[in-house]
Structures are given as C-alpha cells and as structure tokens.
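The values are calculated or read from the model by the stated rules, or taken from the named source; none is laboratory data. Worth saying up front: this structure is predicted, and the values here are computed from it rather than measured. Here Cβ is always computed from backbone atoms with ideal geometry, including for glycine, and neighbour counts include all displayed protein chains.
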Amino acid sequence: MKLAIVIPTYNEGKTLPSLIDRLVEQVKHIVDEFNIVIVDDSSPDGTAEIARNLAKKIREIIVIQRPSKLGLGAAYKNGFSYVLEKLGSELIIEMDADHSHDPSEIPNMLKKIGKYDFLIASRHIKGSSTIGWGLWRKITHALGVYFARQCAKLDISDPTSGFRMFKKETLQQIDFDKIRSDGYAFQIEVLHQLKQKGMEGLETITTFVDRKEGKSKMGRHEILQFVKTCMSYLRKRN
Ligand SMILES: Nc1nc2c(ncn2[C@@H]2O[C@H](COP(=O)(O)OP(=O)(O)OP(=O)(O)O)[C@@H](O)[C@H]2O)c(=O)[nH]1
Ligand SMILES: [Mg+2]
C-alpha cells in the first residue's frame, strides 16, 4: 500500500525536523511505500530550505514551495492535486506540522479505514483528549465546531479537525474548484462535499496536544472566512 502525508507549513522550522523523524519511524515499516509532501508558503523562518535539507536525506520527502502566504486550504489543494496527479497514493493523510497531531496514531488509522471513505481524528469521542488549551482557545474551538455542525449540517463531532485520512477515490470525488476558502474553512467545505456525495467517514481516537513551539496562524482573516463560509450554507438552505 502506498501512503502520502500532506503537511502544510508556515514558519514551522522549529517543529518540522522532529515531526518528520517521528513520522518516518511510524510509517516506514507499515506501508510498502510512502511520501511526505510539504507545502510551504516561503515562510520567513526558512522552513522550505529546512524541508529541502531533510529531503536530501529522506528521499520520500517532496517540497512544494509557493511564492507567498496563500492559506492553509490553498496549500491542501496544491498538495492533494500533486498526490493525485503525480504519486497516485492509495491513502492520503493530512496533518499539521506543530506536533498537535501525533504520528503514533497513524497505525490505528490505517487499521480502521477499512470500508470507510475517510477518517477524522476527533477530539470529541470517548477516549480522546485535548492537552494544553487555555479558556479562549476552548471557547473559539467550541464555537467553530457548533457553527460548522449547525450550518453545514455535519454529523461529525469534530469537523474542524485537521488530522484526517482519505482514500484516493474519496479525494478524487471532491471538486476542488468549487471550494472557495483558502484558509481553515477549507476543512468544512471538504466535509460538506463529502456529505453531499454520500461518503462515509469514521471518527478515530486522538490526543491533541497544543503547540509548544512556533505560533498559531489562526488570525482574524481566518476566523472571518470561517464564519462567512458557515453562514453561506445557512443561506443556501433557506
Ligand atoms: N502553507 C501554509 N501552511 C499554513 C498556513 N497557515 C497555517 N499553515 C500550517 O497549517 C498547520 C495548522 O496551522 P496552525 O497555526 O497550527 O493552526 P491550528 O492548529 O488550527 O491552530 P493552533 O491550535 O492555534 O495551533 C500548520 O502546520 C501550519 O504551519 C498557510 O497560509 N500556508
Ligand atoms: Mg496547530
């Protein structure tokens, strides 16, 4: 089985090398072939250069460098298109570079995908937990989850989770041209399309650890676009 892991990065030079080490350790023995696709937006901290140096040692790494900060959703569009067109991997994982998503959960995800079209590592199912969030982060997260679930009518407990696994055929069904969000709302638009197409997902246990290094990129623009995207689903329903 051939696996691809897509990681968008912006100023993750401090976290990326150790994440790649842990990732390679976890996947190298359990799949026939794997690739790690890093999509960097010319981060000022030189993440792309760091990624290219890692790629010299680990031939499975592919670095896509974009000219400027074009957004998380846009990065996933690029990364997924690359995987589908150039690699043809049967399974595709998306995850963050900041150690919030633990590579040691990947073997369980591989075990569980079975008949499902996609998996979401959910912070809201029994056995899961979130470590290190302050009150403000808890509130913004709860609002985001509530908004997404209500507006887009998603029956997933953690629709904002960015730790996911897709079958190739599932990603091929998504019309990426129709996705307008270049930021975090991309995650909701993907789930909305999957629901419309009758795709079946499973939520898996995860321990989400708040980033210890680097800074969150979730700014005002991201939050506003998220709210607008959710509202647009409401308007379409009425
Ligand atoms: N290429 C690219 N990557 C991005 C962009 N924005 C965020 N990322 C990456 O996407 C992943 C998630 O971003 P984070 O800032 O950790 O967002 P988050 O996990 O929702 O928020 P926190 O919980 O506060 O960390 C990280 O690997 C980021 O480096 C962007 O504009 N372009
Ligand atoms: Mg993060």
ask   = Taking GLY88 and the conditions (1) farther than 23 Å from VAL209 by Cα; (2) modelled with pLDDT of 95 or more, which numbered condition does it fall short on, given that it satisfies the others?
value = (2)
inquiry  = Being basic (Lys, Arg) and in contact with a Phe, Trp or Tyr (Cβ under 8 Å, 6 or more places away or on another chain) is the filter here; which residues of the range 155-191 pass it?
reply    = ARG164, LYS167
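Being more than 7 Å from ligand 1 (Cβ to nearest atom) and over 14 Å from the mean Cα position of the chain (by Cα) is the filter here, so list the residues in the range 1-16 that pass it.
MET1, LYS2, LEU3, GLY13, LYS14, THR15, LEU16
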request  = Can you confirm whether the range 27-34 contains a residue that is farther than 23 Å from ILE188 by Cα, within 16 Å of ligand 1 (Cβ to nearest atom) and surrounded by fewer than 19 Cβ atoms within 10 Å (Cβ to Cβ)?
outcome  = no
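Report yes if some residue within the range 53-70 is in contact (Cβ under 8 Å) with a residue 60 or more places away in the chain and near ligand 1 (Cβ under 9 Å from one of its atoms); otherwise report no.
In the first step, residues of the range 53-70 are kept if they are in contact (Cβ under 8 Å) with a residue 60 or more places away in the chain; the result is 70.
This time we only want the ones that are near ligand 1 (Cβ under 9 Å from one of its atoms), so: 70.
There is at least one residue in the range 53-70 that is in contact (Cβ under 8 Å) with a residue 60 or more places away in the chain and near ligand 1 (Cβ under 9 Å from one of its atoms).
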remark   = Scanning the range 205-229 for residues that are surrounded by 15 or more Cβ atoms within 10 Å (Cβ to Cβ) and among the basic types (Lys, Arg), the one nearest to ligand 2 (Cβ to nearest atom) turns out to be ARG211
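Here is a yes/no grid of residues against (1) without any contact (Cβ under 8 Å) to a residue 60 or more places away in the chain; (2) more than 16 Å from ligand 2 (Cβ to nearest atom); (3) of a type in the set (A, V, I, L, M); (4) under 23 Å from LYS69 (Cα atoms):
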| site | (1), (2), (3), (4) |
| --- | --- |
| LYS138 | yes, no, no, no |
| ARG149 | yes, yes, no, no |
| SER181 | no, yes, no, yes |
| GLU203 | no, yes, no, no |
| MET231 | no, yes, yes, no |
query = How about the range 157-179: which of its residues are free of Cβ contacts under 8 Å to residues at least 60 places away in the same chain and among the basic types (Lys, Arg)?
reply = LYS178
request  = Could you give me the residue pairs with C-beta distances under 8 Å whose first residue belongs to the range 88-104 and is at positive phi, whose second residue is small (Gly, Ala, Ser) wherever it lies, and which are 6+ apart or on separate chains?
outcome  = HIS99/SER18
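Hey, could you check the range 44-97 for residues that are hydrophobic (A, V, I, L, M, F, W, C) and in a loop (DSSP other than H, G, I, E, B) and say which is surrounded by the fewest Cβ atoms within 10 Å (Cβ to Cβ)? Spell out how you get there, then give the answer.
Start the filter on the range 44-97 by keeping residues that are hydrophobic (A, V, I, L, M, F, W, C), which leaves 48, 50-51, 54-55, 58, 61-64, 70, 72, 74-75, 80, 83-84, 87, 91-93, 95, 97.
If we keep only those that are in a loop (DSSP other than H, G, I, E, B) as well, we get 58, 70, 95, 97.
Working: ILE58: 14, LEU70: 18, MET95: 24, ALA97: 25.
Top of the filtered list is ILE58.
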ask   = Looking only at the range 93-122, which residues are away from ligand 1 (no atom under 16 Å from the Cβ), of a type in the set (A, V, I, L, M, F, W, C) and closer than 16 Å to GLN187 by Cα?
value = PHE118, LEU119
